[in-house]
1. Given (1) in a helix (DSSP H, G or I); (2) over 25 Å from PRO98 (Cα atoms); (3) not small (Gly, Ala, Ser), identify the lone condition not met by GLU44.
2. Which residues, taken from the range 1-27, are over 10 Å from the mean Cα position of the chain (by Cα), assigned to a helix (DSSP H, G or I) and within 20 Å of THR85 (Cα to Cα)?
3. Kindly check whether there is at least one residue in the range 31-38 that is in contact with a Lys or Arg (Cβ under 7 Å, 6 or more places away or on another chain), modelled with pLDDT of 95 or more, on the phi < 0 side of the Ramachandran plot and not hydrophobic (A, V, I, L, M, F, W, C).
4. Do you know which residues across the range 51-69 are surrounded by fewer than 12 Cβ atoms within 10 Å (Cβ to Cβ) and either in a loop (DSSP other than H, G, I, E, B) or touching a helix residue (DSSP H, G or I) at 6+ places or on another chain (Cβ under 8 Å) (or both)?
5. Among (1) in a strand (DSSP E or B); (2) surrounded by fewer than 18 Cβ atoms within 10 Å (Cβ to Cβ), which single condition is GLN74 missing?
Amino acid sequence: MITCYLKYVVDPYKLKEFEHYAKLWIPLVNRLGGTHHGYFMPHEGANNIALALFSFPSLAIYETYREQMAADPQCQAAFAYAEETRCIVSYERSFMRPVFE
């Protein structure tokens with residue numbers, strides 16, 4: 001299993017728009033084979049950092065997701081929404097593996 005960790009720098013004046021964007025992606029990731037663990041919005045501390053975590057059984061399945069995502073009209077609409085609203089300033093993506101008991 002791999003978990004994708006996304007750290008977003010968001011426009012603090014557009015948190016409502018970013019939250020809408022986040023809610024668009026959760027069912028999309030789940031529909032395309034992943035398990036979305038949610039978005040985490042700024043609360044205390046930095047007002048412009050948000051996080052997202054979602055997992056796939058393997059990196060190969062994640063790569064298949066990326067291919068499907070590129071061709072999916074709903075995914076493209078979600079990307080377009082973020083671009084139109086400019087709620088995301090930048091992001092960085094990392095992959096991690098969970099450790100359980």
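The values are calculated or read from the model by the stated rules, or taken from the named source; none is laboratory data. Model, not experiment: these values are computed from the prediction. Quick reminder, even Gly has a Cβ in these numbers, built from the backbone with ideal geometry, and neighbours come from all protein chains shown.
1. Against the list (1) in a helix (DSSP H, G or I); (2) over 25 Å from PRO98 (Cα atoms); (3) not small (Gly, Ala, Ser), GLU44 comes up short only on (1).
2. PRO12, TYR13, LYS14, LEU15, LYS16, GLU17, PHE18, GLU19, HIS20
3. Checked the range 31-38: no residue is in contact with a Lys or Arg (Cβ under 7 Å, 6 or more places away or on another chain), modelled with pLDDT of 95 or more, on the phi < 0 side of the Ramachandran plot and not hydrophobic (A, V, I, L, M, F, W, C).
4. Matches in the range 51-69: SER58 only.
5. The single condition GLN74 does not satisfy is (1).
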